[in-house]
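Before any comments, here is the structure.
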């Protein structure tokens, strides 16, 4: 071996170490699970910039012929395009920007009446609507050794609805990094100004104010298991009815509570993880719901595949009836306030190629009415849908 | 740990803290060695190896489970080249004598080599083949260096350096003005340093076949053995890597040596970490290209408690 000239390298370790790769990120996750590193991993902004784009197509099934009284059976199609960008700024900050465009077309239920057989049936809203919604959000985040905090501002606009919101979130880690506490608060001010076209609407312009807060904790149970629990509270005030539904009069105040939990267990030999999530929801309109999701995350070399199934069960709002009783102070025939079950089956995959990540997801969502003793409690407009998503993310220094 | 060790640190307060800190570090290193050394009959690794092929599961704690999880990740990221069951191939390759083994000896050992023979579940760990043996020597030394840093941090030390047989982990900087300046050895004239690097809370690990190899008929055979073929990786060279943890740096460097001379560079590039390769062709890698024409102002630290 030839003699090697003696030199000096002034490579600064910390500056260079921020330029890590997909390989070291994956190995870093495995290292972080070891107890020796639990208090060595300080919170830090991402070591790279990231830009991504995602496209989703949402397609509602046509209304069954037997449930239709008048109008088109075809329901909503929605195309969603998302673009995001995130980059570290200095040694302690990051900035992210999100841009989303929703393009909607189709018809929705206008009200529920009685068909010739005396059964509830749907009168649709008439000619197909076309609407476009654009949402922009900016988040700035500050990192310190034991946690991070973020501040978000976003605004969305469509023909008949404008929303403005701000939110703040914080996460902080215990001394041994085995526990993370999270909290968030948000406030939004929305304005609804319905478009008067195919169906009559009875308001010109109304406002809605919403505040919400969340508090949660996650705990590393072992090198292969983590659990979390969280509490959420949301209150909305203002015009909360649906202006495009003929028979819809809701209270001007709505309080919601959620209790959620999750568990993740990694199986070394199988290189996969079991994911279990549950959420309980309760509001002051009388609705309670349960959501349970089971998923299996399978690593395949540096790629992954996740099949999942989600079950949702909801009780009806106090003032819901499949054919609204307009003599009451509050009434609604909106299927989203009825009692129903929903099952979602999906598959989500990621393919990693160097610093590029490709994703694809497909979901099938089906509903059925529950808890009813007569057909007049069943919402005839319950919807089933397909949703497909593809996306690309690029990470770079 | 099978090699020289060196510990430098600035005690937080009273001078008695130094003795207490040193004692804690030595206790931790002894405990790691007693658990993971295959040369100690009562170690956890020896217990696992003793039960190979019997169907008996040896219970393991969370730390050991985490280490095996990391081994599993390294095994897959290296396309099977990193394999803690490959140690038995050293029965055929004796690097203390300049003799190459018979191919038949290697082929007799290969069926007992394979990460798929290692089963881990809630009961613990089991080796399915009677002659399979586990050896965590590829990662335990680097993990030990990181644990020393953890102990120092817990004892409120803010500046320290631990070196275990050439792998270095640092805590903070040497002083407010100076980082830790460490040397990377010349394979031809170790411990002569060919290059120095500045570390602040970072780690440097080196792997190489320049000290253990067989030379026959002008051909050098590295001690990094391919677990699939039982043959040595091509070329003899040294790789040094800098990372936030010694475990990461050492793992990347070891797998580079397993990849062989022709594939090591692309593997090191994919890590995105600073690296240096030394071979007959000279120096290559980001550490080499960042060199400045400045003569070293001071030699790497020589004083401090010697743990050997």
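For residues in the stretch A:265-277 being away from chain B (no Cβ under 14 Å) and surrounded by 15 or more Cβ atoms within 10 Å (Cβ to Cβ), which is farthest from the chain's Cα centre (by Cα)?
A:275
Looking at residue A:290, is it more than 14 Å from chain B (Cβ to nearest Cβ) and surrounded by fewer than 15 Cβ atoms within 10 Å (Cβ to Cβ)?
The answer is yes for residue A:290.
Out of all the residues in the stretch A:324-347, is one or more on the phi > 0 side of the Ramachandran plot, surrounded by 14 or more Cβ atoms within 10 Å (Cβ to Cβ), part of a loop (DSSP other than H, G, I, E, B) and over 16 Å from the mean Cα position of the chain (by Cα)?
No, because not a single residue in the stretch A:324-347 is on the phi > 0 side of the Ramachandran plot, surrounded by 14 or more Cβ atoms within 10 Å (Cβ to Cβ), part of a loop (DSSP other than H, G, I, E, B) and over 16 Å from the mean Cα position of the chain (by Cα).
Based on this model, can you work out whether residue A:12 counts as modelled with pLDDT under 50, more than 7 Å from chain B (Cβ to nearest Cβ) and surrounded by fewer than 19 Cβ atoms within 10 Å (Cβ to Cβ)?
no
Looking for something in a loop (DSSP other than H, G, I, E, B) and crowded, with 22+ Cβ neighbours inside 10 Å - is there at least one such residue anywhere in the stretch B:102-115?
yes
Select from the stretch A:208-231 the residues that are within 14 Å of chain B (Cβ to nearest Cβ) and surrounded by 15 or more Cβ atoms within 10 Å (Cβ to Cβ) and list them in ascending order.
Selection gives A:220, A:222, A:223, A:224, A:225, A:226.
If you scan the stretch B:125-175, which residues turn out to be part of a loop (DSSP other than H, G, I, E, B), within 20 Å of the chain's Cα centre (by Cα) and farther than 20 Å from residue B:43 by Cα?
If the condition is that a residue be part of a loop (DSSP other than H, G, I, E, B), within 20 Å of the chain's Cα centre (by Cα) and farther than 20 Å from residue B:43 by Cα, then B:165, B:166 are the ones that fit.
Could you run through the stretch B:76-101 and say how many residues are at pLDDT below 90 and in a loop (DSSP other than H, G, I, E, B)?
Summing the residues that are at pLDDT below 90 and in a loop (DSSP other than H, G, I, E, B) in the stretch B:76-101 gives 10.
Are any residues in the stretch B:59-75 part of a loop (DSSP other than H, G, I, E, B) and either away from every other protein chain (no Cβ under 11 Å) or free of Cβ contacts under 8 Å to residues at least 24 places away in the same chain (or both), and if so, which ones?
B:59, B:61
Can you name the strands (runs of 3 or more DSSP E) wholly within the stretch B:200-283 that have at least 3 residues being in contact with a helix residue (DSSP H, G or I) (Cβ under 9 Å, 6 or more places away or on another chain), within 13 Å of chain A (Cβ to nearest Cβ) and more than 22 Å from residue B:75 (Cβ to Cβ)?
Those strands (runs of 3 or more DSSP E) span B:238-243, B:275-279.
Mind telling me which of the residues A:385, A:396, A:320 ends up being touching a helix residue (DSSP H, G or I) at 6+ places or on another chain (Cβ under 9 Å) and more than 22 Å from residue A:273 (Cα to Cα)?
Within the list A:385, A:396, A:320, the selection yields A:320.
Using the structure shown, decide if residue A:305 is assigned to a strand (DSSP E or B) and more than 19 Å from the chain's Cα centre (by Cα).
When the stated conditions are applied, residue A:305 passes them.
So residue B:222 fits all but one of (1) at pLDDT below 90; (2) more than 30 Å from residue B:93 (Cβ to Cβ); (3) buried (at least 24 other Cβ atoms within 10 Å of the Cβ); what number is the exception?
Going through the list (1) at pLDDT below 90; (2) more than 30 Å from residue B:93 (Cβ to Cβ); (3) buried (at least 24 other Cβ atoms within 10 Å of the Cβ), residue B:222 breaks only (2).
Looking at residue B:56 and the list (1) touching a residue at least 24 places away in the same chain (Cβ under 8 Å); (2) more than 30 Å from residue A:22 (Cα to Cα); (3) part of a helix (DSSP H, G or I), which single condition is not satisfied?
(3)
How many residues does the stretch B:136-150 contain that are within 16 Å of residue B:75 (Cα to Cα) and surrounded by 20 or more Cβ atoms within 10 Å (Cβ to Cβ)?
So the answer is 4.
The values are calculated or read from the model by the stated rules, or taken from the named source; none is laboratory data. Everything numeric here is computed off the predicted structure, so don't read it as measured data. Ideal geometry is used to build each Cβ from the backbone, glycine not excepted, and the neighbour counts take in all protein chains shown.
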